[in-house]
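Engineer: Mind having a look at this structure? Questions to follow.
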Amino acid sequence: MISHVLPTYNRASLAFERGEGAWAIATDGTRYLDLGAGIAVNVLGHAHPDLVAALTRQAGKIWHVSNLYQIPEQEKLADMLVDKTFADTVFFTNSGTEAAELAIKMVRKFWDAAAQPDRIEILTFEGAFHGRSTGAIAAAGSEKLVAGFGPLMPGFRQLPWGDMEALKAAISDKTAAVLIEPVQGEGGIRPIADEDLREIRALCDKTGALLVLDEVQSGMGRTGRLFAHEYAGIVPDIMMVAKGIGGGFPLGAVLASEKAAGPMSAGTHGSTYGGNPLACAVGATVMDIVADDAFLAEVGRKAALMRQKLEGLVASHPDVFESVRGQGLMLGLKCKVSPVKLVEAGYAQHILTVPAADNTLRLLPPLNIDDDEIAEAVARLDRAADGLDA
């Protein structure tokens with residue numbers, strides 16, 4: 001008999017009733033050190049007092065009006081994002097999947113307005129994850145995502161990850177866009193090299209293709225910069241954002257240049273809930289904290305500390321771990337055992353982690369995790385690995 005909640009998740013037998021910073025407290029009172037952060041969502045941990053205050057203030061005023069009207073909280077957050085990024089304009093969504101759908105529509109609308117409606121091919125990359133709508137799974141193209149859901153939306157071509165020669169051979173003046181994550185999350189915490197991202201930007205400039213970045217997981221300070229592409233010194237034409245932007249409240253966005261977004265006139269896209277006052281009040285508070293240079297510098301310092309300790313962990317368990325990879329506090333442990341086994345062993349040590357593809361364990365702690373908690377996290381991972389050594 002089917003459960004009342006559609007059983008599309010293999011859920012752990014854990015339930016949490018509250019949280020405090022980097023700690024999630026289960027219904028039986030057990031405290032778990034949370035290195036998943038809701039899959040890179042809780043960038044300021046659980047129950048951050050500034051976010052609680054922002055949500056409470058707004059909840060006492062107005063929750064929802066729809067985009068039929070001006071929304072001052074939305075305009076404030078858009079101003080903040082434009083001020084801190086390449087973007088000239090922002091559309092707010094409820095999730096990264098919705099951001100992906102708009103990004104795809106924006107690319108197609110751009111070329112239709114340029115009198116090239118047949119220029120629809122978007123180049124994407126093996127191992128990518130852009131959400132679970134039909135458009136997003138067509139973009140990623142992996143068998144795990146698309147099996148049973150055909151026919152898929154046409155217009156996507158997947159290339160090998162990191163293969164610049166394949167990209168050079170594929171891109172042309174018929175290409176609509178290149179869509180890429182600067183750091184693959186679901187694909188196994190795989191960063192693209194800065195020089196390759198610069199070359200992709202140059203190839204897009206040469207052919208006229210739009211560059212679309214998916215920073216849903218890598219954005220909002222996760223890598224030590226507000227957005228990961230900043231390390232390469234390039235700017236996209238369109239960028240997808242979600243997860244950390246709401247600090248746990250459902251919120252996403254598409255950021256775009258005026259050139260790329262110009263054809264998206266009134267009526268071409270919409271969202272009932274997107275950018276509602278509650279979400280944007282919280283998002284503006286997240287931006288106030290995370291976009292601060294001193295905060296980002298601390299993320300970088302903590303990331304170096306955590307990486308150093310993880311390198312020691314790998315050296316201590318050569319039968320379990322292969323290497324550390326990633327950027328900032330978007331880290332992965334490449335494993336020699338199933339990462340799912342490590343996740344489960346972690347439960348016994350009261351630590352939460354997230355598996356990913358390419359035999360990788362994801363470590364995505366709150367960005368305000370402290371040094372003692374980093375040390376405690378690695379100690380618990382060490383104990384979890386003890387039982388998995390050959």
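The values are calculated or read from the model by the stated rules, or taken from the named source; none is laboratory data. From a predicted model like this one, the values you see are computed outputs, not experimental measurements. So basically every Cβ, Gly included, is an ideal-geometry build from the backbone, and we count neighbours across all protein chains shown.
Engineer: Quick check: anything in region 324-333 surrounded by fewer than 17 Cβ atoms within 10 Å (Cβ to Cβ) and in contact (Cβ under 8 Å) with a residue 12 or more places away in the chain?
Structural biologist: First pass over region 324-333, keeping only residues surrounded by fewer than 17 Cβ atoms within 10 Å (Cβ to Cβ): none.
The answer is no; no qualifying residue exists.
Engineer: Please report, ordered by residue number, the strands (runs of 3 or more DSSP E) entirely within region 10-78 with at least 3 residues that are touching a residue at least 60 places away in the same chain (Cβ under 8 Å).
Structural biologist: Output list reads 31-34.
Engineer: Going by the structure shown, is THR89 within 18 Å of ASN276 (Cα to Cα), buried (at least 19 other Cβ atoms within 10 Å of the Cβ) and hydroxyl-bearing (Ser, Thr, Tyr)? Full working, then the answer.
Structural biologist: Working: within 18 Å of ASN276 (Cα to Cα): yes; buried (at least 19 other Cβ atoms within 10 Å of the Cβ): no; hydroxyl-bearing (Ser, Thr, Tyr): yes.
No, not satisfied.
Engineer: Only one of (1) touching a residue at least 60 places away in the same chain (Cβ under 8 Å); (2) in a helix (DSSP H, G or I); (3) touching a strand residue (DSSP E or B) at 6+ places or on another chain (Cβ under 6 Å) fails for ILE289. Which number is that?
Structural biologist: Among (1) touching a residue at least 60 places away in the same chain (Cβ under 8 Å); (2) in a helix (DSSP H, G or I); (3) touching a strand residue (DSSP E or B) at 6+ places or on another chain (Cβ under 6 Å), ILE289 violates only (3).
Engineer: Among the residues of region 341-390, which ones are of a type in the set (Ser, Thr, Tyr) and either more than 16 Å from GLY326 (Cα to Cα) or not assigned by TED's automatic domain parsing to the domain that holds GLY326 (or both)?
Structural biologist: TYR347
Engineer: Can you report the number of residues in region 105-141 which are out of contact with any strand residue (DSSP E or B) (no Cβ under 9 Å at 6 or more places or on another chain), buried (at least 20 other Cβ atoms within 10 Å of the Cβ) and among the polar types (S, T, N, Q)?
Structural biologist: Of the residues in that region, 0 qualify.
Engineer: Just the residues that are in contact with a Ser or Thr (Cβ under 6 Å, 6 or more places away or on another chain) and either without any contact (Cβ under 8 Å) to a residue 60 or more places away in the chain or outside the structural domain of ALA193 (by TED's automatic domain parsing) (or both), please, taken from region 238-253.
Structural biologist: If the condition is that a residue be in contact with a Ser or Thr (Cβ under 6 Å, 6 or more places away or on another chain) and either without any contact (Cβ under 8 Å) to a residue 60 or more places away in the chain or outside the structural domain of ALA193 (by TED's automatic domain parsing) (or both), then no residue fits.
Engineer: Could you tell me whether LEU296 is touching a residue at least 24 places away in the same chain (Cβ under 8 Å) and touching a Leu at 6+ places or on another chain (Cβ under 9 Å)? Before you say what the answer is, go through the steps one by one.
Structural biologist: On the way: touching a residue at least 24 places away in the same chain (Cβ under 8 Å): yes; touching a Leu at 6+ places or on another chain (Cβ under 9 Å): yes.
Criteria met by LEU296.
Engineer: Quick check: anything in region 268-277 surrounded by 17 or more Cβ atoms within 10 Å (Cβ to Cβ), at pLDDT 95 or above, outside any loop (DSSP other than H, G, I, E, B) and in contact with a Leu (Cβ under 8 Å, 6 or more places away or on another chain)?
Structural biologist: no
Engineer: Moving on to the next point. Taking the criterion of being over 30 Å from ASP50 (Cα atoms) and surrounded by 18 or more Cβ atoms within 10 Å (Cβ to Cβ), would at least one residue in region 216-233 satisfy it?
Structural biologist: Going residue by residue through region 216-233, those that are over 30 Å from ASP50 (Cα atoms) are 232-233.
Applying the additional criterion that residues be surrounded by 18 or more Cβ atoms within 10 Å (Cβ to Cβ) yields 232.
There is at least one residue in region 216-233 that is over 30 Å from ASP50 (Cα atoms) and surrounded by 18 or more Cβ atoms within 10 Å (Cβ to Cβ).
Engineer: Looking at region 156-186, which of its residues are assigned to a loop (DSSP other than H, G, I, E, B), in contact with a Phe, Trp or Tyr (Cβ under 7 Å, 6 or more places away or on another chain) and either hydroxyl-bearing (Ser, Thr, Tyr) or surrounded by 21 or more Cβ atoms within 10 Å (Cβ to Cβ) (or both)?
Structural biologist: Matches in region 156-186: ALA176, GLY185, GLU186.
Engineer: Let me ask something else about it. Could you list, in sequence order, all residues of region 24-57 that are more than 25 Å from VAL378 (Cα to Cα) and in contact with a strand residue (DSSP E or B) (Cβ under 6 Å, 6 or more places away or on another chain)?
Structural biologist: To start, the set of residues in region 24-57 that are more than 25 Å from VAL378 (Cα to Cα) comprises 49-57.
The one that is more than 25 Å from VAL378 (Cα to Cα) and in contact with a strand residue (DSSP E or B) (Cβ under 6 Å, 6 or more places away or on another chain): LEU51.
Engineer: With surrounded by fewer than 21 Cβ atoms within 10 Å (Cβ to Cβ), of a type in the set (Lys, Arg) and at negative phi as the only criterion, which of ARG383, ARG362 stands out?
Structural biologist: Residue meeting the stated conditions: ARG383.
Engineer: Same structure again: Find all pairs meeting these conditions: Cβ atoms under 6 angstrom apart; at least six residues apart or on different chains; first residue within region 301-319 and in contact (Cβ under 8 Å) with a residue 24 or more places away in the chain and outside the structural domain of ASN359 (by TED's automatic domain parsing); second residue small (Gly, Ala, Ser) and assigned to a helix (DSSP H, G or I).
Structural biologist: none
Engineer: Which is touching a strand residue (DSSP E or B) at 6+ places or on another chain (Cβ under 8 Å) and in contact (Cβ under 8 Å) with a residue 60 or more places away in the chain, of GLY262, GLY219, GLY224, GLY270?
Structural biologist: Only one candidate qualifies: GLY224.
Engineer: Among what's in region 316-344 and is within 15 Å of VAL378 (Cβ to Cβ) and in a helix (DSSP H, G or I), pick the residue that is nearest to the chain's Cα centre (by Cα).
Structural biologist: Taking the candidates together, the pick is LEU342.
Engineer: Moving on. So which residues in region 301-320 are among the small types (Gly, Ala, Ser) and either in contact with a Lys or Arg (Cβ under 8 Å, 6 or more places away or on another chain) or surrounded by fewer than 17 Cβ atoms within 10 Å (Cβ to Cβ) (or both), if there are any at all?
Structural biologist: Of everything in region 301-320, those that are among the small types (Gly, Ala, Ser) and either in contact with a Lys or Arg (Cβ under 8 Å, 6 or more places away or on another chain) or surrounded by fewer than 17 Cβ atoms within 10 Å (Cβ to Cβ) (or both) turn out to be ALA304, GLY312, ALA315, SER316.
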